[in-house]
1. Using a Förster radius of 22 Å, what is the FRET efficiency between Glu93 and Asp47 based on their Cβ-Cβ separation? Nearest 0.05, please.
2. I'd like the FRET efficiency for Lys147 and Val214, computed as 1/(1 + (r/R0)^6) with the beta carbon distance as r and R0 of 45 Å, rounded to 0.05.
3. Roll a 1.4 Å probe over the protein chains and send me the accessible area per residue for the chain in Å².
4. Which FRET efficiency, nearest 0.05, do Gln222 and Glu124 yield, Cβ-Cβ r, R0 45 Å?
5. Along each principal axis of its Cα atoms, how long is the stretch 86-140 end to end? Whole angstroms, biggest number first, please.
6. Using a 7 Å offset from the Cα along the Cα-to-Cβ direction at both Ile191 and Ala54, what is the distance between the two label points in nm, to one decimal?
7. What residues have an amide H closer than 5 Å to that of Tyr182, excluding those fewer than 5 places away on the same chain, when H is modeled at 1.01 Å from N in the peptide plane?
8. Of the listed pairs Lys138/Lys200; Lys138/Lys190; Lys53/Lys138; Lys147/Lys203; Lys53/Lys190, which have alpha-carbon separations greater than 21 Å here?
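The values are calculated or read from the model by the stated rules, or taken from the named source; none is laboratory data. Given the structure is predicted, the values throughout are model-derived calculations rather than measurements. When we count neighbours, we look across all protein chains shown, and the Cβ atoms used for this are built from the backbone with ideal geometry, even at glycine. Accessible surface areas use protein heavy atoms only, side chains included; no ligands, DNA or RNA. Shrake-Rupley method; radii C 1.70, N 1.55, O 1.52, S 1.80 Å.
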Amino acid sequence: MVHRGAFGNIRSIALLSIWLASLSTIKAQVFPLVGAPLSATWTVTTDTAGTVKATRIEAARSSDGSTYQAGYDSNGQLVSISILDVPHAKRYEMRPLTKQYIENDAPQFKGYTRTAAQQHAILERSNFPHAREAQGQKKGSTPLGTKVVDGMTIYGSHYVRYRDKVLTMDGETWQSDLGLVYSSHFMVPKIQQTHTVTLKEIKRGEPDASLFTVPAGYSLTQR
């Protein structure tokens, strides 16, 4: 049975996919699934009015569904770490430059049991056009089909956002049934910015367990 505690029904999942499409390039690249451990690296390129910046994201997921994500700046310096501890339903946000972290409860992941097979089924069933309009804003998503890459199926969506009939975002995302973003590209016309995320490496297997704990020497600033 598909776990619905975190995401609701299939239509809600479609809405979530649109939301993730616009945020995943900045936030989560790998999502919690049990029994599907892996490590991966993405390159991130941001072009703002001709000024290009290249950064990197590294992420991992353990067999219990816990996730780790680290962000590196254009100089290769580690600037952020995010950990979702699924067994304890906790989320940690860390700032390596100041050795500080924030701890939050994540009750929606308590007892989380979604598998890669269930993720595949959800993507299959949510792969349909969607549009929503409210308070001068219009959002829409159109399926781009599927591809099989490195033994995983990836699902593409083209999405747009308008505010008062003016295009505010246009892009596409490809999500894998392994519970990760394969690639994402979007543009924001107002600030002449394009943002591209590309999966460069993926390794299947159990990552180092120490990734999913707060490192020694960090101080708690908020709970």
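1. The formula returns an efficiency of 0.20 here.
2. For R0 = 45 Å, the calculated efficiency reads 0.75.
3. 52 Å²
4. Details: r = 40 Å, r/R0 = 0.88.
The value I calculate is 0.70.
5. Sorted from largest, the Cα extents of the stretch 86-140 read 43, 36, 20 Å.
6. Each label point is offset 7 Å from its Cα along the Cβ direction, giving 2.2 nm.
7. Result for Tyr182 returns Trp174, Gln175, Ser176.
8. In this structure, Lys138/Lys200; Lys53/Lys138 exceed 21 Å between Cα atoms.
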